[in-house]
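Just so you know, all these numbers are worked out from the coordinates, no wet-lab data involved. Quick caveat, the model's predicted, so the values are computed rather than measured. No Cβ is skipped: glycine too gets one built from the backbone with ideal geometry, and neighbour counts run over all protein chains shown.
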Amino acid sequence: MKNTMLRQCFSFILLSMLSITSVYARAVPLVIAAAETVQNMAFNTTQVITYTVHNNAPQPVQLNMQLTRTRVIPASPLVNFQVTNDCVYLGMGNYVPPRGNCNVNVTIRSGGVAGAVVGSLLINYGPTFQTIAPPPVLNFNVTGGGGGAGGLYFIDAPTGQNMLFNSTQDIIWTLQNTTSSAIPLVSGGTNFTVASSLIATPVFTNDCNNSVPGSGGTCHIQASINSLSTPGQVSQYVYVTYNTSSRLVIDSPTNFTISGSITGKRAFSMVNKCPYPVWFSFAGGGINVFGCTTDTSCDTMTGASPGTFTCNTSVMPSAQCFWKSPTASSYMLSPLTGSTTVYLNEGLYTPTPTQPEVWSGTISGRTGCPASTNSKTTCDTGDCGGTSLHTTGGCTTGISPPNIQAEPTLQTNLDFYDITTINGINVPMSMEPINASIDPVNPYTCGGAGVASSQTGTDGTIGGCTYSYSPPSNNYIWIETAGSSCTATSQCSTSTGEACGLTKADITGNTSTTHCGTWLGYWTPDEVCTLNSGYTQAPFSCTTLCVTSDCSPPATNYADLYGCNGGTVGTQSCYGVPPGTTNCCGCQNWNGYMGIVVPTLPTSGLICDGNNTGWDNNVLGKITWLKQACPSVYSYPHDDPTSSFTCSNSSSTNSVNYRITYCPGGVSGAPSGVTPNP
């Protein structure tokens, strides 16, 4: 019986091989469907030429990738060839799918000798060792030059992140120019070498205005990649077109896999364009549920579902339930090019028409955090607890000010979001929708908070953020440790990151003497008085009483005016109150004021009905510099008309995803002349 079964099995294998052979004999299974044009090369440069191979057969076809089978002939002393492919079928490498396509890539590296190269690419396949005919010809010249493609190099090969269906990731490559003159990039001349059916046409931008500076200057190429709903592996080479028609192709592909549904999740693409590392942070907000003892006890309370909330027992007098935050394998974003995507799980909490929230909280950035390269135990700015090694640690406490932060409230019907500088500044940041378009009428609908570019609708224009801060005095500059006394930043070691300002110890110690120290960010009047309500020093003077008729009776101190949170000003905004109201706080028509560009308030439906001259005289001059640096962010608590955004991408189930960018436009926010080194 066993011998009979073996004979039958052997007969089946033999018939299968004969059947496949007969298919190859009847038709040419593999053909070149698309091919890139090979470029002339400078000395010691690299280019990658991609050939799209199509399989006409209903069976998979195996490529024979042995060096003696698939190769470029003849060998050339001027260059080195390496042939690879991205062909995969049912998990098996080197197989071209039935009736499908895949890519064969030829990496060409030139040496230091000039001359002409003429070769043929032999792509070998199948059990009978056929080659694609006619074999593609590689005909080009190696010419002189100082290295790179005319001095232009890709100096990194970023790693792609695996993606869910219909999600987004941002990837950044770096170009360097080794020549003495700037090299222009062709507008719209950057793309992947071969289109992928798994992703939408990517959007490429750069931060050098299409001109790579000379003498070692760099330019960062950013691609926003949107996955579609088909699973598979993506392997993409990116190219840039420069000097009118020349093209440079990166020699290492960006690889990632697309699989899994994004349904019930929100995605945040985190991007760092700062010249220093940033550790991103999420801190879930509290809900009106108290008295918990554990996370599980939050799960059992009215309105909550298992896994949605965490119990914060440090809240007094009764512990409170807070939204859980997205988690990541690493929270550190590398300088200039760091990016990752994190997902917020929805669906665990069941919204109702009167309670449509799916998550609320704050998003911020941390600088100078504990890492394997230092001995720190806390971050210099934005610390929020977490593990001793913040590279892999999320927040376990609230985020420590001074810091800029995003404040999203995500809902099933309509999201609300903003960026605020009320609590001070550490690292500039922006928040913008990814899968929703800005409204052509009202730029505050699905627009970007804190973005570098201007945003225009028929209702008006929101000016772009320069993050060029010009505070009224050095007392607004936040430094780490006090060194020598100073009256101007120019007296400090700006090349090592020093500026002239105040430390936290200066604020808590009630001193106004400025010193040189490592720059960390900026103080705001509200944050100074929050840190020390008894701070008496100018220019903040938290305890000073406002004695004008608008502030009394009773008298209101400056701290209450800064925060709009006490005395007769209370929490009442001067917007939308009965005309002539004076016991209100903050109402500034920013449009055109001190060069600030925002839509006029009547367009947004709000005007200044009330007026508090105490606020106008004692607060406005201390916060205008914040609004000048970024018109689309909060500068005081009632700055809503010019700083509050809404967005939805569906009338039934809102699912907007967002991009958080640190140092939008590549601007660090450091004082003039200071090299940031937090």
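For this structure, a couple of remarks:
- Extension gain from Val315 to Thr397, taking 0.36 nm per residue of separation minus the Cα-Cα distance: 28.4 nm
- Those lysines that a straight Cα-Cα span of less than 24 Å connects to Lys273, excepting residues fewer than 8 apart in one chain: Lys376, Lys627
- Two-site FRET efficiency, Ala116 against Ser454, from Cβ-Cβ distance with R₀ of 45 Å, rounded to 0.05: 0.35
- Cubic angstrom per residue, convex hull over Cα atoms of the stretch 469-523: 70
- Simple point charges give the picture: +1 on the Cβ of Lys and Arg, -1 on the Cβ of Asp and Glu, and for the chain a dipole about the Cα centre of about 2720 debye.
- Listed by chain and number, the aspartates and glutamates whose alpha-carbon sits under 16 Å from that of Lys265, ignoring those within fewer than 8 places in the same chain, are Glu346, Glu357, Asp415.
- The percentage of C-alpha pairs in the stretch 21-147 whose separation is greater than 26 Å is 25%.
- Averaging the sequence gap over all C-alpha pairs within less than 8 Å and six or more residues apart, then dividing by the number of residues, gives the chain a relative contact order of 10 percent.
- Averaging 1/r over every pair of different alpha carbons in the stretch 583-678 and inverting the result gives a Kirkwood radius of 16.1 Å.
- At R0 = 22 Å, FRET efficiency that the Cβ-Cβ distance of Tyr593 and Asp380 yields, to 0.05: 0.05
- Among Tyr593, Tyr242, the order by Cβ neighbours within 10 angstrom, fewest to most, reads Tyr593, Tyr242.
- Straight-line reach from Lys622: taking Cα to Cα under 16 Å and skipping same-chain neighbours fewer than 8 places apart, no lysines fall in range.
- Exposure proxy order (Cβ contacts within 10 Å, fewest to most) of Trp359, Trp625: Trp625, Trp359
- Here is the P(r) of the chain: all C-alpha pair distances, binned every 20 Å from 0, give 16, 42, 29, 11, 2, 0 in whole percents.
- Using the Cβ-Cβ distance between Ser259 and Asn565 with R0 set to 51 Å, the FRET efficiency from 1/(1 + (r/R0)^6) comes to roughly 0.55.
- With the biggest extent put first, the Cα atoms of the stretch 539-629 measure 35, 31, 17 Å across the principal axes.
- Each eigenvalue of the Cα gyration tensor of the stretch 150-262, multiplied by 5 and square-rooted, gives one semi-axis; in descending order these are 28, 12, 11 Å.
- Considering only Met65, Val441, Gly595, the residue lying farthest towards the positive end of the dipole of the chain is Met65, judged by Cα position with unit charges set on Cβ.
- Furthest towards positive pole of dipole, Thr310, Ala75, Ala406, structure part the chain, Cβ charges: Ala75
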